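Report on the following structure.
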Number of protein chains: 2
Amino acid sequence: MHKEAIYHRAEGSYAYPLSENEIRLILKAKRGDLKRCYVLYDDRYTGPGTEKVAEMTKVCWDTLYDYFQVDIYSDTRRIRYFFYLEGENEHIWYAEGGFSEVRPLEGHFQYPYICKADLFKEPLWTKGAVIYQIFPDRFYNGDKNNDPPGCKKWGEAPDSKSFFGGDLKGVMLKLDYLKELGIDAIYFTPIFESPSNHKYDTTDYYRVDKAFGDLDTLRQLVDEAHQRGIKIILDAVFNHCGKDFWAFKEAVSKGPGSRYWQWFNIYSYPVKVGPNPNYETFANGVYTMPKLMTYNPEVREYLLGVIKYWTKEVNLDGWRLDVANEIDHSFWREFRKIVKDINPQAFILGEVWHDALKWLEGDQFDSVMNYPWRDLVVKFFAKNTIDAEAFDCELARLRMMYTSEVVSGLVNLIDSHDTPRFLTLCKGDKRKLMLAVVFQMTYPGIPMVYYGDEIGMEGDNDPDCRRTMIWEEDKQDRDIYALYKKLISIRHSFPWLANSIYRTWHVDPLKNIYGYIREGKEERIWVLINNSGLYNTLKLPLESGGKVVDLLKGE
Amino acid sequence: MHKEAIYHRAEGSYAYPLSENEIRLILKAKRGDLKRCYVLYDDRYTGPGTEKVAEMTKVCWDTLYDYFQVDIYSDTRRIRYFFYLEGENEHIWYAEGGFSEVRPLEGHFQYPYICKADLFKEPLWTKGAVIYQIFPDRFYNGDKNNDPPGCKKWGEAPDSKSFFGGDLKGVMLKLDYLKELGIDAIYFTPIFESPSNHKYDTTDYYRVDKAFGDLDTLRQLVDEAHQRGIKIILDAVFNHCGKDFWAFKEAVSKGPGSRYWQWFNIYSYPVKVGPNPNYETFANGVYTMPKLMTYNPEVREYLLGVIKYWTKEVNLDGWRLDVANEIDHSFWREFRKIVKDINPQAFILGEVWHDALKWLEGDQFDSVMNYPWRDLVVKFFAKNTIDAEAFDCELARLRMMYTSEVVSGLVNLIDSHDTPRFLTLCKGDKRKLMLAVVFQMTYPGIPMVYYGDEIGMEGDNDPDCRRTMIWEEDKQDRDIYALYKKLISIRHSFPWLANSIYRTWHVDPLKNIYGYIREGKEERIWVLINNSGLYNTLKLPLESGGKVVDLLKGE
């Protein structure tokens, strides 16, 4: 047995509560090494010897590991446990104190108490929901009066400085379009006052940018959306402000004597606002975006005030957090408390492109934008650089990085304003995009659609991925639209598709065919993806004796 | 190469900041499997290819793994990194995205930003300090007027109900004794009003038990201690109260209509206060200790008020948290904020007998009572059930469970009011105890001495380990006392002994001799422990050309 490959720790994604009386345990072992795996468990305050036994199930595997899982019920909520592992020709005991040849009497793993206050609580409405991402300047121009000067013509190619006049009124006019598509929530990239088209360099956190509208427009938009059952999520840009933010301007003009000098990390005086800035910024030297010192209690109070104001004032349903991984955990803990106190159903979605466990333990975010998942989808569907076997393994690895409740709430996107359009990565081959969307809409989590993907828009990296929305139906790809609409309606019919329960069904790396099974309480969905680009015939047994329906064709 | 044995994750004890510009990375691999190990790292916002390279050092090993470590400096505080691993005949790259044969261009590990607010900040005074634990009823009777009725005679054997009249005045009268011994802080088991001798069943959180004194006695004690440079740590018993706590009494008498009904988890009415209680308690059915529902905001506010009151009112230096692992993390986060706002140098010490990582990430506790360490010390010194090789490996495993800053602040105890006395576990063989104390006082962390250990007191499990302190010098073991005093003074001379830097020097499982090296900036201490019980001669090269002193003999 490869003891050194065996991993369990009573924390993170390896031991977590499902409810006030139930925990889930995961144990990882070298792939193929363990034949059977049991957990022995009991109340922490009973002596050794009386432990109950439960066999663990191998729920998935990746290239290196098998993952064994079991759910344990506890009346008293206080659990100690250890494992019994069976290999081919040997067995061993495993506890917090290490491995042993004999049943351990002490040094057991401990889940000391399932605390109600620490349970992971996601909003209820995200289960089965589909989010739509809008870059407001490019979606629809509903009010010509507020267009910024020098607007380009709708449909022209954007550059990094272009404006097109899209606004909140425009979104309002298109809510019925979104409702028709089946969208449950809109995530807007920033809308507060800022000189840029992307508005990630905020000038005034308390004002809607006048090119987009004003407080009343926003309020009206939220109301109209809510009337249609559509939630609104705004972008919180707190890692940095814009160079024209009043506090920064005052620090620049008054220098070290300014009350706001400590809101930033300015290395020397006078302040050089321009290329090669002498202050800390977003990324390397982006001088238009001075970094905010969120450890400073005054900065904290100011930003949390902003959040409080908007969440209350316009009845928001959530926040997407820009550069969330470069701000203190303690800030996000306070942030969560404030947002959830106002609206317990608000959705908190962090921008973290990598392993985000530290933010997803229940005390900070509900979810993150699932870029590691997108990477796999790009590799498998768009670029064909990994085969069905590798795709399946890597998906399993990602699912096991977080708790099952986190996985069912991750925001799965195939592209965004920060990546090339997926169809462009497919070199325009819409069959590839359509397969990827089938996969996205049947995978655990919350699918997010970047505006225009649903009608076959293309575009390379920023600024090209931020082209204006195509509204003329004859220029839209209606096949793609129909597929999106169909899949979203399927997702609404089976909201349990969001859940993390996912079973590999058929992996054929030779034909590049990949199948998986999704399970609800009473139904089961089989998905079979032919990623070969070729015609294939396949005979596969379905496990059910009941009624079988082709969900895409409705037969 | 055993890829499945390689472990790193950009969190917990595997990636953590040492300062605002420095992180430490740990990588674990199968013991003996890697010949060399490098990390390649750069700013997150620079493209791939320009990474700096640093070789990692194998800092320790246990039976299964080698641990490689490196410290990385970053100007910008934003770090991405990946590893290059060399085995006997192969090499491989390792990043967040997995293993690869070629240098990975994406999917690197990320330490996105070293946030100042999230740095682990322990009190400064604990470095090099020695804590002394007192069970007040048994230490010294300084005021006969407050003795509880039916007190036993000092020196008689205690049972679970005995009282002996020890009090705060008594401790005050013995402060010079403690100062002479070299003690830096006293941790008191509970002193608030309660009907029991141990006082873990609080009746009134706002009152010192009258058998111990009153608010003024406590205030005076703290002042007197502070004058001698001795800190005071009290016991916070918040998992449960006593059955006579007013809120519980009111819930019992008024029933479900009581405002305090929800402070507890009472299953039915009427409430059965007695054996087989119908409410949730500490452990299984300890009816004298009803569990407090700390998720209830009212309970929270009440308990945090208690903490605020005492920390401020008597100028406390810290809290030991009883049954800390059965209370919500969110409670402890609020607790920390309140305590540190009043006294940033307060020490927060949790009672957690097992893996305590979840409480030691900077947002909750400063430290825990290091019972897993004690288990090893008992096995190696007292019971001789593990040899020097296993002892060394298991110590390494424990050190690598937490960050180095946590390790240097763990409270290392060889016994407590909840275990048999160490000397009793040694069957009275004081040589064994003395070796263990040499080890304790030269190991990373904060040594804690349970009252009376320093003069050779014995006692089996509770209540026997809570005998009255022996004050007659002729009944004390003065050899043991002299050794304690010597070792504490050595610890004060070399406060860096608290640091986590620890190097195995000589491991001889055959002779059962164990040596290790501790390193300060300018000095080095070699410790050699002959745990064989036999006379042994050994020739060992010392690495230094400088002056060598025998610290115990002073030669």
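The values are calculated or read from the model by the stated rules, or taken from the named source; none is laboratory data. Keep in mind that what you see is a predicted model, and the values were worked out from it rather than measured. Cβ coordinates were reconstructed from backbone atoms using ideal geometry, including for glycine residues, and neighbour counts include every protein chain displayed. To get the accessible areas, we keep the full protein, side chains included, count just its heavy atoms, and leave off ligands, DNA and RNA. Shrake-Rupley method; radii C 1.70, N 1.55, O 1.52, S 1.80 Å.
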Q: Only residues that are without any contact (Cβ under 8 Å) to a residue 40 or more places away in the chain and under 28 Å from A:P112 (Cα atoms): list them for the range B:308-330, please.
A: B:K308, B:T311, B:N325, B:D328, B:H329, B:S330
Q: Please find, among A:Y260, A:Y206, A:Y200, the residue that is modelled with pLDDT of 95 or more, closer than 19 Å to A:K161 by Cβ and open to solvent by 10 Å² or more (accessible area, probe 1.4 Å).
A: A:Y200
Q: Select from the range B:391-441 the residues that are touching a Lys or Arg at 6+ places or on another chain (Cβ under 8 Å) and surrounded by fewer than 20 Cβ atoms within 10 Å (Cβ to Cβ) and list them in ascending order.
A: B:H417
Q: Scan the strands (runs of 3 or more DSSP E) fully inside the range B:442-522 and keep the ones with 1 or more residues being open to solvent by less than 20 Å² (accessible area, probe 1.4 Å) and either more than 30 Å from B:E389 (Cβ to Cβ) or of a type in the set (G, A, S) (or both).
A: B:513-519
(Q) Please determine whether any residue of the range B:52-62 is closer than 18 Å to B:A396 by Cβ, within 12 Å of another protein chain (Cβ to nearest Cβ) and modelled with pLDDT of 95 or more. (A) yes
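Is it fair to say B:L85 is open to solvent by less than 10 Å² (accessible area, probe 1.4 Å) and either within 14 Å of another protein chain (Cβ to nearest Cβ) or over 33 Å from the mean Cα position of the chain (by Cα) (or both)? Before you say what the answer is, go through the steps one by one.
Working: open to solvent by less than 10 Å² (accessible area, probe 1.4 Å): yes; either within 14 Å of another protein chain (Cβ to nearest Cβ) or over 33 Å from the mean Cα position of the chain (by Cα) (or both): yes.
Spelling it out, B:L85 is indeed open to solvent by less than 10 Å² (accessible area, probe 1.4 Å) and either within 14 Å of another protein chain (Cβ to nearest Cβ) or over 33 Å from the mean Cα position of the chain (by Cα) (or both).
Of all residues in the range B:419-441, which are polar (S, T, N, Q) and either under 17 Å from B:Y502 (Cα atoms) or part of a helix (DSSP H, G or I) (or both)?
We begin by selecting, within the range B:419-441, every residue polar (S, T, N, Q); these are B:419, B:424, B:440.
Within the range B:419-441, B:T424, B:Q440 qualify.
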Q | Single condition A:L18 does not satisfy, out of (1) in contact with a strand residue (DSSP E or B) (Cβ under 6 Å, 6 or more places away or on another chain); (2) crowded, with 20+ Cβ neighbours inside 10 Å | A | (2)
Q: Could you check, for the range B:463-470, whether at least one of its residues is out of contact with any Pro (no Cβ under 7 Å at 6 or more places or on another chain), within 19 Å of B:L552 (Cα to Cα) and modelled with pLDDT of 95 or more?
A: no
Q: Among the residues of the range A:372-401, write down those that are part of a helix (DSSP H, G or I), among the charged types (D, E, K, R) and in contact (Cβ under 8 Å) with a residue 12 or more places away in the chain.
A: A:R374, A:K379, A:E389, A:D392, A:E394, A:R397, A:R399
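Please determine whether any residue of the range B:217-229 is closer than 16 Å to B:Y309 by Cβ and either among the small types (G, A, S) or under 24 Å from the mean Cα position of the chain (by Cα) (or both). First the steps, then the outcome.
Going residue by residue through the range B:217-229, those that are closer than 16 Å to B:Y309 by Cβ are B:218-219, B:222.
Add one more test, that the residue is either among the small types (G, A, S) or under 24 Å from the mean Cα position of the chain (by Cα) (or both), and what stays is B:222.
Yes, the range B:217-229 contains at least one residue that is closer than 16 Å to B:Y309 by Cβ and either among the small types (G, A, S) or under 24 Å from the mean Cα position of the chain (by Cα) (or both).
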(Q) For the range A:92-104: of the residues being in a strand (DSSP E or B) and free of Cβ contacts under 8 Å to residues at least 12 places away in the same chain, which is nearest to the other protein chains (Cβ to nearest Cβ)? (A) A:G98
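Rundown of residues vs (1) modelled with pLDDT under 95; (2) of a type outside the set (F, W, Y), yes/no style:
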position	(1), (2)
A:W496	no, no
A:K511	yes, yes
A:G515	no, yes
A:K521	yes, yes
A:I529	no, yes
A:L534	yes, yes
A:L538	yes, yes
A:G546	yes, yes
Q.
Of the conditions (1) open to solvent by less than 70 Å² (accessible area, probe 1.4 Å); (2) under 27 Å from B:G242 (Cα atoms); (3) in contact with an Asp or Glu (Cβ under 6 Å, 6 or more places away or on another chain), B:K169 satisfies every one except a single condition; which number is it?
A. (1)
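Rundown of residues vs (1) outside any strand (DSSP E or B); (2) charged (D, E, K, R); (3) within 26 Å of the chain's Cα centre (by Cα), yes/no style:
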{"residue": "B:M1", "(1), (2), (3)": "yes, no, no"}
{"residue": "B:E4", "(1), (2), (3)": "yes, yes, no"}
{"residue": "B:L34", "(1), (2), (3)": "yes, no, no"}
{"residue": "B:D42", "(1), (2), (3)": "no, yes, no"}
{"residue": "B:R77", "(1), (2), (3)": "yes, yes, no"}
Q) Within the range B:28-51, can you find the residues that are within 14 Å of another protein chain (Cβ to nearest Cβ) and either free of Cβ contacts under 8 Å to residues at least 60 places away in the same chain or at positive phi (or both)? A) B:A29, B:K30, B:R31, B:G32, B:D33, B:L34, B:D42, B:D43, B:Y45, B:T46, B:G47, B:T50
**Q.** Members of the range B:105-127 found to be in contact with a Lys or Arg (Cβ under 7 Å, 6 or more places away or on another chain), in a loop (DSSP other than H, G, I, E, B) and either crowded, with 18+ Cβ neighbours inside 10 Å or within 14 Å of chain A (Cβ to nearest Cβ) (or both), listed by number
**A.** B:H108, B:P112, B:Y113, B:I114
(Q) I'm trying to understand the selection: among the residues of the range A:290-337, which are open to solvent by 10 Å² or more (accessible area, probe 1.4 Å), touching a Lys or Arg at 6+ places or on another chain (Cβ under 9 Å), away from every other protein chain (no Cβ under 14 Å) and not charged (D, E, K, R)? (A) A:N315
Q.
Condition (residue is away from chain B (no Cβ under 11 Å), of a type in the set (S, T, Y) and open to solvent by 20 Å² or more (accessible area, probe 1.4 Å)) applied to the range A:364-385: is it met by at least one residue?
A. yes
Q: Considering only residues that are touching a strand residue (DSSP E or B) at 6+ places or on another chain (Cβ under 6 Å) and open to solvent by 10 Å² or more (accessible area, probe 1.4 Å), look in the range B:216-257 and name the one that is nearest to B:N325 (Cα to Cα).
A: B:K243
Q) What single numbered condition from (1) over 31 Å from the mean Cα position of the chain (by Cα); (2) open to solvent by 20 Å² or more (accessible area, probe 1.4 Å); (3) farther than 19 Å from B:Y16 by Cα fails to hold for B:V53? A) (3)
(Q) Within the range A:263-289, take every residue that is open to solvent by 60 Å² or more (accessible area, probe 1.4 Å) and touching a strand residue (DSSP E or B) at 6+ places or on another chain (Cβ under 9 Å) and give me the one that is farthest from A:Y200 (Cα to Cα). (A) A:Y267
Q) List, please: which pairs have Cβ atoms under 6 Å, are six or more places apart or on different chains, and start with a residue in the range B:1-13 that is farther than 18 Å from B:D355 by Cα and at the interface with another protein chain (Cβ under 9 Å from one of its Cβ atoms) and end with one that is modelled with pLDDT of 95 or more and surrounded by fewer than 19 Cβ atoms within 10 Å (Cβ to Cβ)? A) B:H2/B:D33; B:K3/B:F99
Q) Any idea which of B:L181, B:L173 is within 27 Å of B:L321 (Cβ to Cβ), of a type in the set (A, V, I, L, M) and touching a residue at least 24 places away in the same chain (Cβ under 8 Å)? A) B:L181
Q.
Take the residues in the range B:345-355 that are farther than 13 Å from B:I233 by Cα and without any contact (Cβ under 8 Å) to a residue 40 or more places away in the chain; name whichever of them is most open to solvent (accessible area, probe 1.4 Å).
A. B:W353
